[in-house]
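*Asks:* Please read through the structure below; I'll follow up with questions.
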Amino acid sequence: MVNAVDLLRQQIIACETTLRDLHGQLAEAERVQQEREKILRQKPFLSHDPLDHDMNFGIPDDFRSEVFAVLEHESSAQAASDIPAKKKWPLEKNEYTRYGRQLIMPEVGLHGQLSLKHARVLIVGVGGLGCPAAAYLVGAGVGTVGLVDGDTVEESNLHRQILHSTARVEMTKVESAIVALTSLNPNVKLVPHIGRLTPETAIATFKDYNLILDCTDTPASRYLISDTCVMLGKRLISASALRIDGQLMVLNNPPLPPGDTNGGPCYRCVFPKPPPPESVVSCGDGGILGPVVGVMGVLQALETIKLLTQPQSSSAAIDPPSLLIFSAYSNPMFRSIRLRSRKAKCAACSTQATISPSALTSGSLNYVQFCGNVGPINALTPQERISPKNFAKLRSGVNPFTGTRSSKDNHILIDTREEVQFELGSIDGSVNIPFSAIETTVPISEYSKDHDMEAGQEGWAAQLRQSEKPIFVICRRGNDSQMSVQKMKQLGLDFGGKRFIGDIRGGLEAWRKSVDAEFPDY
Amino acid sequence: MSNEDDVPITIEFSGGLEILFGDQKKYSLLLPAKDESGAPANVAFLVRHLCDKVMKDPRKELFVLDDTVRPGILVLINEADWELEGEDKYEVQKDDHIMFVSTLHGG
């Protein structure tokens with residue numbers, strides 16, 4: 001029979017423990033409340049977006065539960081590895097379950113899964129291509145995945161860069177991806193390389209990996225990655241996407257030493273010279289559909305899994321080099337093109353190669369210079385430009401220079417963004433003449449020389465000729481507006497200098513910063 | 001104005017190049033069988049023909065540079081890189097499918 005005294009003592013101890021625990025919780029709650037009040041005083045208004053996880057108030061519950069799930073998983077994995085028993089099975093117990101659906105496929109099997117587990121894959125660029133590629137490779141159980149990126153997460157990335165989240169805006173892309181990938185599969189070793197890949201760091205970064213994925217977005221990085229892969233004998237899976245199109249190539253496969261003509265072509269064999277910088281369009285300027293770049297990233301993961309799981313026997317045929325073209329609005333959407341083999345005079349992979357590891361590490365190869373660079377242009381004189389602030393004053397009817405008042409309807413404001421962008425929001429009273437129309441307009445005199453006169457060829461310009469009001473030109477960022485001003489003068493719209501034509505410095509981006517903070521930022 | 005000596009071919013633009021050609025991706029074209037000097041029409045002549053007769057955009061430098069297709073454009077003859085077919089010396093055949101693909105860099 002249980003002693004009543006002992007029983008009561010136990011109850012008291014239990015109650016005291018609970019009390020201590022409650023005191024602890026109270027202290028914590030008070031501390032959190034104080035912090036909260038402090039922050040509330042500092043931050044007058046908070047986001048009303050329900051998806052905006054404000055980390056100031058603690059970790060959101062769904063995030064916490066994921067962290068716990070991962071921790072628990074790791075501790076059980078730890079417990080299992082504490083027993084130094086002779087391993088009975090080549091994979092861990094949980095791995096059979098996790099990878100079961102791919103393990104039972106003849107294309108993978110136990111052999112393939114072990115190859116994946118021992119593989120080290122580097123993903124350069126953790127954006128629209130890198131996110132889906134990393135998700136599938138980590139999901140499939142690639143043993144080590146390295147991630148290279150120097151950028152931080154921005155809100156405009158989230159429609160396509162599926163590893164990042166609203167709560168992690170401003171976190172580095174590499175750290176954000178590691179949070180998501182760890183919760184997806186804690187078995188995979190993730191190696192962060194936070195920072196932009198440079199010629200000086202490329203060899204050191206690549207050397208410990210078996211295979212490289214180029215998920216970057218500039219020609220300069222594409223040449224650097226390809227050259228480094230050739231020098232180190234690594235296969236390269238390269239993809240790119242813009243608007244509704246995507247391209248995919250497996251390069252340097254087989255990865256034979258430079259000079260061996262049986263090796264697969266490199267990026268330089270296919271594109272010996274970089275494109276003129278003005279022909280290169282970024283996703284920020286051209287736009288990109290999330291699933292389009294997603295498809296390309298997923299295909300990179302697929303090609304990686306195919307290469308890593310193929311049997312090592314020499315009889316395994318290597319696919320001839322090809323370029324896969326994806327076009328979301330064409331039928332068929334996919335098309336495969338046969339590519340050339342290694343180029344006899346390739347600067348990277350031929351016997352005449354001029355690109356060497358020492359040239360790379362010494363920094364004597366300037367990839368940015370090689371590819372050229374279009375920075376912000378400065379095509380107009382200061383007299384042809386006006387700041388957004390002064391333009392706002394002018395619109396209100398006050399001349400910013402003389403202070404005199406005049407009629408509000410004293411000028412023409414032309415917005416040169418494409419129609420879709422103009423529809424997203426525009427300054428009251430502005431007229432939309434897309435840059436594509438301005439740029440392709442040929443002066444009538446020149447045009448009629450070798451073409452029949454076509455009505456409307458110069459429609460917009462003819463209309464502007466009917467007025468003598470000064471013309472102000474605005475665009476998204478302040479480059480196209482300058483080119484447009486030059487073009488208008490070329491077309492004689494300034495009546496030989498009698499009429500003012502100028503642009504608004506910095507475009508609508510500057511307008512938003514210094515005049516109208518509510519103007520849509522897209 | 002079809003001529004018996006014209007060669008019917010299909011031209012296709014991809015990767016954004018269609019913007020230079022009136023936003024039209026595919027063209028069925030009758031290419032004169034002989035070039036300016038009377039030699040059989042090759043791809044170099046086709047590129048000149050496209051530039052002079054088909055291209056709507058005045059920015060020729062976005063398609064042609066130094067008398068050949070600018071860097072960053074792949075020319076594919078019947079689904080193969082033109083380097084496999086003799087580059088711009090390749091003589092255009094009836095019903096050829098010639099594609100111009102601009103490289104993309106976004107990611």
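The values are calculated or read from the model by the stated rules, or taken from the named source; none is laboratory data. Remember, it's a predicted structure, so these values are computed and weren't measured experimentally. Every residue, glycine among them, receives a Cβ derived from its backbone with ideal geometry; neighbour counts consider all protein chains shown. What goes into the accessible areas is simple: the full protein's heavy atoms, side chains included, and nothing from ligands, DNA or RNA. Shrake-Rupley method; radii C 1.70, N 1.55, O 1.52, S 1.80 Å.
*Asks:* For the range A:259-280, name all the residues that are buried (at least 18 other Cβ atoms within 10 Å of the Cβ) and either facing another protein chain (nearest Cβ under 7 Å) or over 21 Å from the mean Cα position of the chain (by Cα) (or both).
*Replies:* A:Gly263, A:Gly264, A:Pro265, A:Cys266, A:Arg268, A:Cys269, A:Val270, A:Phe271, A:Pro274, A:Pro275, A:Ser279, A:Val280
*Asks:* Every residue in the range A:89-136 that is of a type outside the set (A, V, I, L, M, F, W, C), touching a residue at least 12 places away in the same chain (Cβ under 8 Å) and open to solvent by 40 Å² or more (accessible area, probe 1.4 Å), please.
*Replies:* The answer is A:Pro90, A:Glu92, A:Lys93, A:Asn94, A:Arg98, A:Gln102, A:Glu107, A:His111, A:Lys117, A:His118, A:Arg120, A:Tyr136.
*Asks:* Just to be sure I understand, how many residues within the range A:58-101 are at pLDDT 70 or above and more than 30 Å from A:Glu30 (Cα to Cα)?
*Replies:* Of the residues in the range A:58-101, 16 are at pLDDT 70 or above and more than 30 Å from A:Glu30 (Cα to Cα).
*Asks:* Now, a different point. Of the numbered conditions (1) touching a Leu at 6+ places or on another chain (Cβ under 8 Å); (2) closer than 27 Å to A:Ser115 by Cβ, A:Val295 fails exactly one; give the number of that condition.
*Replies:* Unmet condition: (1).
*Asks:* In the range B:54-107, how many are part of a strand (DSSP E or B), within 7 Å of another protein chain (Cβ to nearest Cβ) and touching a Lys or Arg at 6+ places or on another chain (Cβ under 7 Å)?
*Replies:* Total satisfying the criteria: 2.
*Asks:* Failed condition for A:Val292, given (1) within 14 Å of chain B (Cβ to nearest Cβ); (2) closer than 26 Å to A:Gly141 by Cβ; (3) surrounded by 21 or more Cβ atoms within 10 Å (Cβ to Cβ), with all others met?
*Replies:* (2)
*Asks:* When the range B:42-53 is examined, which residues are found to be more than 27 Å from A:Ser322 (Cα to Cα) and either within 10 Å of chain A (Cβ to nearest Cβ) or among the polar types (S, T, N, Q) (or both)?
*Replies:* B:Asp52
*Asks:* Moving on. Where residues in the range A:154-175 are more than 18 Å from A:Ile123 (Cα to Cα) and under 10 Å from the mean Cα position of the chain (by Cα), which of them is surrounded by the most Cβ atoms within 10 Å (Cβ to Cβ)?
*Replies:* A:Leu158
*Asks:* Only one of A:Pro192, A:Pro219 is within 15 Å of A:Val138 (Cβ to Cβ) and not small (Gly, Ala, Ser); which?
*Replies:* Going through A:Pro192, A:Pro219 in turn, the sole match is A:Pro192.
*Asks:* Among (1) assigned to a loop (DSSP other than H, G, I, E, B); (2) under 17 Å from A:Ala133 (Cβ atoms), where does A:Asn187 come up short?
*Replies:* Of the numbered conditions (1) assigned to a loop (DSSP other than H, G, I, E, B); (2) under 17 Å from A:Ala133 (Cβ atoms), the odd one out for A:Asn187 is (2).
*Asks:* If I filter the range B:59-107 down to residues being small (Gly, Ala, Ser) and over 17 Å from A:Ser336 (Cβ atoms), which single residue comes out as surrounded by the fewest Cβ atoms within 10 Å (Cβ to Cβ)?
*Replies:* Checked the range B:59-107; the qualifying residue surrounded by the fewest Cβ atoms within 10 Å (Cβ to Cβ) is B:Gly86.
*Asks:* Still on this structure, I have one more. Could you grab the pairs with beta carbons closer than 8 Å, sequence gap of 6+ or different chains, first residue in the range A:340-364 and touching a residue at least 40 places away in the same chain (Cβ under 8 Å), second one open to solvent by 70 Å² or more (accessible area, probe 1.4 Å) and aliphatic (A, V, I, L, M)?
*Replies:* So the pair list comes out as A:Arg340/B:Leu84; A:Ser350/A:Ala344.
*Asks:* Looking at this structure, is A:Pro254 more than 22 Å from A:Phe326 (Cβ to Cβ) and within 7 Å of another protein chain (Cβ to nearest Cβ)?
*Replies:* no
*Asks:* When A:Leu324 is evaluated against the numbered criteria (1) open to solvent by less than 20 Å² (accessible area, probe 1.4 Å); (2) under 30 Å from A:Val374 (Cβ atoms), which criterion, by number, is the only one it fails?
*Replies:* With (1) open to solvent by less than 20 Å² (accessible area, probe 1.4 Å); (2) under 30 Å from A:Val374 (Cβ atoms) applied to A:Leu324, the lone miss is (1).
*Asks:* Identify all residues within the range A:197-219 that are within 14 Å of chain B (Cβ to nearest Cβ), at pLDDT below 95 and either outside any helix (DSSP H, G or I) or surrounded by fewer than 23 Cβ atoms within 10 Å (Cβ to Cβ) (or both); write none if there are none.
*Replies:* Result: A:Asp217, A:Thr218.
*Asks:* Could you tell me how many of the residues in the range A:137-153 are open to solvent by 10 Å² or more (accessible area, probe 1.4 Å) and part of a strand (DSSP E or B)?
*Replies:* Looking only at that region, the number is 3.
*Asks:* Is it the case that A:Val179 is open to solvent by less than 10 Å² (accessible area, probe 1.4 Å) and under 30 Å from A:Ile244 (Cα atoms)?
*Replies:* no
*Asks:* Could you check the range A:481-511 and list, in sequence order, the residues that are out of contact with any Gly (no Cβ under 8 Å at 6 or more places or on another chain), buried (at least 21 other Cβ atoms within 10 Å of the Cβ) and not in a helix (DSSP H, G or I)?
*Replies:* Within the range A:481-511, A:Ile501, A:Gly502 qualify.
Rundown of residues vs (1) touching a Phe, Trp or Tyr at 6+ places or on another chain (Cβ under 7 Å); (2) at pLDDT 90 or above; (3) part of a helix (DSSP H, G or I), yes/no style:
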{"position": "A:Pro376", "(1), (2), (3)": "no, no, no"}
{"position": "A:Thr402", "(1), (2), (3)": "no, no, no"}
{"position": "A:Leu413", "(1), (2), (3)": "yes, yes, no"}
{"position": "A:Phe422", "(1), (2), (3)": "no, yes, yes"}
{"position": "A:Asp428", "(1), (2), (3)": "no, yes, no"}
{"position": "A:Ser436", "(1), (2), (3)": "no, no, yes"}
{"position": "A:Tyr447", "(1), (2), (3)": "no, no, yes"}
{"position": "A:Met453", "(1), (2), (3)": "no, no, no"}
{"position": "A:Gln457", "(1), (2), (3)": "yes, no, no"}
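*Asks:* Same structure again: Being open to solvent by less than 20 Å² (accessible area, probe 1.4 Å), at the interface with chain A (Cβ under 10 Å from one of its Cβ atoms) and either in contact (Cβ under 8 Å) with a residue 40 or more places away in the chain or within 10 Å of the chain's Cα centre (by Cα) (or both) is the requirement here; does B:Leu31 meet it?
*Replies:* no
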